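The values are calculated or read from the model by the stated rules, or taken from the named source; none is laboratory data. Just so we're clear, the structure is a prediction, and the values are computed from it rather than from any experiment. Cβ placement follows ideal geometry from the backbone for every residue including glycine, while neighbour counts extend to all protein chains displayed. Just so you know, the surface numbers come from the protein's heavy atoms only, side chains and all, with ligands and any DNA or RNA stripped out. Shrake-Rupley method; radii C 1.70, N 1.55, O 1.52, S 1.80 Å.
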Amino acid sequence: TWEMTEDIWLKRKELIRCFFILFLTGIVVYFPILCQGLNNTYDGLWQPTYMTAGGWEISLGRWLWPYWDRLHFGIQSGHINTMFTIVAFALGLTLAKACMSRSNSLISVLAGCLFMANTVVCISLSYPSMSGVFGMAFLLSVAAAYAIIKIENNGIAIGAGVICLTASIGMYQAYICVFCLIALVAFFQKLEKDSLIEI
């Protein structure tokens with residue numbers, strides 16, 4: 001029991017370390033956006049300090065977006081939104097690492113750092129009024145995969161996965177592929193592990 005507890009603690013410690021490395025990578029890479037308040041043209045300039053999503057976003061299938069904006073009273077701070085989005089992406093990547101049954105720690109952290117420096121994250125951050133939604137959509141998509149992979153009770157796993165994935169799609173539909181990819185990789189890892197046990 002003590003060995004199992006120590007093993008769980010070591011895994012959690014590794015995930016915490018992974019999160020902070022990814023977070024610091026995001027801060028370093030996107031420091032110009034963070035300190036100079038850089039943003040994209042058009043949408044990035046239209047709502048610099050205040051925005052509440054409405055009918056247009058709902059018509060695009062982003063029905064949860066207006067509720068998210070009301071949660072923070074529509075107030076938009078580029079610096080806070082950028083920090084929050086970096087945290088959301090770093091936490092999502094850390095959860096993705098936790099979903100894998102076996103992964104080289106160094107390689108997975110380096111891959112996470114490459115993802116943090118990806119164009120997708122940069123574009124998300126360049127729209128300050130929307131970046132929090134993009135970050136949450138990514139995090140919830142990974143959380144959905146984490147739920148169905150790690151929760152042992154099938155009913156709870158499916159329920160939690162459906163809620164997280166529905167919320168992710170209700171914010172921004174682009175990250176459903178993240179859920180599919182993590183679930184597929186985890187499935188193949190389990191398939192490989194089961195076949196090795198049979199041999």
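Across bins of 10 angstrom width beginning at 0, how are the C-alpha pair distances of the range 115-199 distributed, in whole percent?
Calculated over all Cα pairs of the range 115-199, the distribution is 18, 40, 27, 12, 3, 0 percent.
Whole-Hz ³J(HN,Hα) for each residue in the range 60-68, computed from phi via Karplus 6.51 cos²θ - 1.76 cosθ + 1.60 with θ = phi - 60°, x for glycine and proline: what do you get?
Using θ = phi - 60°, the values come out as 8, x, 9, 5, 8, 4, x, 5, 4 Hz.
Give me the percent of accessible area attributable to carbon and sulfur for the chain, probe 1.4 angstrom.
For the chain, the apolar C and S fraction of the accessible surface comes to 70 percent.
Please list the non-local residues whose amide H lies under 5 Å from the amide H of residue 40, H modeled 1.01 Å from N, same-chain partners needing a gap of 5 or more.
127
Kirkwood hydrodynamic radius for the range 76-145: how many Å is it when counted over pairs of different Cα atoms?
Evaluated over the range 76-145, this radius sits at 12.4 Å.
If I ignore ligands, DNA and RNA and count only protein heavy atoms, how much of residue 158 is accessible to a 1.4 Å probe, in Å² to the nearest 10?
Here the residue's solvent-accessible area equals roughly 110 Å².
For residue 179, what accessible area in Å² do you get when you roll a 1.4 Å probe over the heavy atoms of the protein chains, rounding to the nearest 10?
40
Applying the Karplus parametrisation 6.51 cos²θ - 1.76 cosθ + 1.60 with θ = phi - 60° to the phi angles of the range 117-128, what ³J(HN,Hα) value in whole Hz is obtained for each residue in order, glycine and proline being reported as x?
Once rounded to whole Hz, the list reads 8, 6, 4, 4, 5, 4, 5, 4, 6, 6, 10, x.
If you rank 68, 56, 63 by how much accessible surface each has, with a 1.4 Å probe, what is the order from largest down?
Accessible-area ranking of 68, 56, 63, largest first: 56, 63, 68.
Once you have the Cα-Cα distance between residue 107 and residue 122, take 0.36 nm times their residue separation minus that, and quote the gain in nm to one decimal.
3.2 nm
Skip the ligands, DNA and RNA, and give the accessible area per residue of the chain with a 1.4 Å probe, whole Å².
Solvent-accessible surface per residue comes out at 59 Å².
Sorted from largest down, give the three principal axis spans of the alpha carbons of the chain, whole angstrom values.
Here the Cα extents, ordered largest to smallest, are 61, 35, 28 Å.
Round to the nearest 0.05 the FRET efficiency obtained for residue 15 and residue 63 when R0 = 45 Å and r is the Cβ-Cβ distance.
It comes to 0.90.
Work out the charge dipole of the chain with +1 on the Cβ of Lys and Arg and -1 on the Cβ of Asp and Glu about the Cα centre, then indicate which of 54, 74, 88 is farthest towards its positive end.
About the Cα centre, the residue reaching furthest to the positive side is 74.
Okay, helix-only estimate at 222 nm for the chain: each DSSP H run of n ≥ 4 adds -39500 (n - 2.57), divide by all residues, round to 500 deg cm²/dmol; what do you get?
Roughly -25000 deg cm²/dmol at 222 nm, from the helical runs in the chain.
Residue by residue, what Karplus-based ³J(HN,Hα) values in Hz, rounded to whole numbers, does the range 71-81 have, using 6.51, -1.76 and 1.60 with θ = phi - 60° and x for Gly and Pro?
4, 10, 6, x, 6, 10, 10, x, 5, 5, 4
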